[in-house]
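So the structure is just underneath, and the comments pick up after that.
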Amino acid sequence: MSVGIHIANDFISTAALSSGGDFVFYEQIETPAHDAGTLCRHIADLVQRSAADPNAPVSVAINSGFGGQPSPPNSAPVLANLDVKSALQASLGRPVECIAPAQAYALYEASFGAAQTSGVACLLYLDQNVTGGVTFGQTLWKGGNRLAGAWGHMPLGWPVPHELDGRGCWCGRTGCLESFISAKGVEADYLASTETALTVDEISRAASQNDIVAESVLQILDDRVGRATAMLINMLDPDIITLAGRLASLDRLYVNVPRKWPGYTFTGKSATHLVRAARGDDAIVAGAYIHAKMAR
Ligand SMILES: [Zn+2]
């Protein structure tokens, strides 16, 4: 048996699945605050408790620490400047493969979730950060730089003049998708118009209770997600685009975003389906397990 690991800022989860995609092992601990040695020891304990085969590869879903990509500023301090792959290989004494969390999510959805009957599928993870993953059948496309699906740091398509101002991003550039279609982007839009800080869920509730500013902010989000996904359709023409993360709970997106596509895609009528991911965030550790199993 292999094992998958997801290292998040506040927790570390470990899982193994049955051949039918059910969890047969799942354990979660807190991410240690600062000490990388403690992090590695805790993960070694988790792997041992999972009863994984001694030489089975381990897959780790993590936002940074491999492949040279920058770390988001909200990363846990223990992960700053840590070469996760090397540290864990030394600690576990077995091969370790790292993938981005949204890539693991995409692999789960292609194997057991919403995209399992699809040819080309794109998963778009819309939360505090914007990330994604691409699958062809049940195969994850990681890319030569392990970056496939890193949509959050591409620019918003077809910007109107006021969308070109400001919007500095932690990656050092401006106008990244993450500045517009993340939870913090939506919350910033509402705050800028009202000077009231609401969460995405609160903005959604306010819109349903006739708050016209909240409704306007969400209408703009519909259009921006429409533009972001239209670019994916023009590039990859996926059969399905799956939404995950906090913004995926906005039911309106599945109705309003496809209505935007004729205005932006290179075809008048799109056959692409936009759906919500079948499983919540524990799909990430499940996808890490599938990735580990495929590496054997
Ligand atoms: Zn950026």
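Among the residues of the range 129-171, those that are assigned to a loop (DSSP other than H, G, I, E, B), without any contact (Cβ under 8 Å) to a residue 60 or more places away in the chain and within 15 Å of the ligand (Cβ to nearest atom) comprise GLY149, PRO159, GLY166, ARG167, CYS169.
Among the residues of the range 53-88, the one identified as free of Cβ contacts under 8 Å to residues at least 12 places away in the same chain and crowded, with 16+ Cβ neighbours inside 10 Å is SER71. GLN138 meets each of the listed conditions (1) out of contact with any helix residue (DSSP H, G or I) (no Cβ under 6 Å at 6 or more places or on another chain); (2) closer than 18 Å to ILE99 by Cα; (3) open to solvent by 60 Å² or more (accessible area, probe 1.4 Å) apart from (1).
The values are calculated or read from the model by the stated rules, or taken from the named source; none is laboratory data. In this text the structure is predicted, and so the values were computed from the model without any measurement. With ideal geometry, Cβ positions are generated from the backbone for all residues, glycine too; neighbour counts draw on all protein chains shown. Heavy atoms of the whole protein, side chains included, go into the accessibility calculation; ligands, DNA and RNA do not. Shrake-Rupley method; radii C 1.70, N 1.55, O 1.52, S 1.80 Å.
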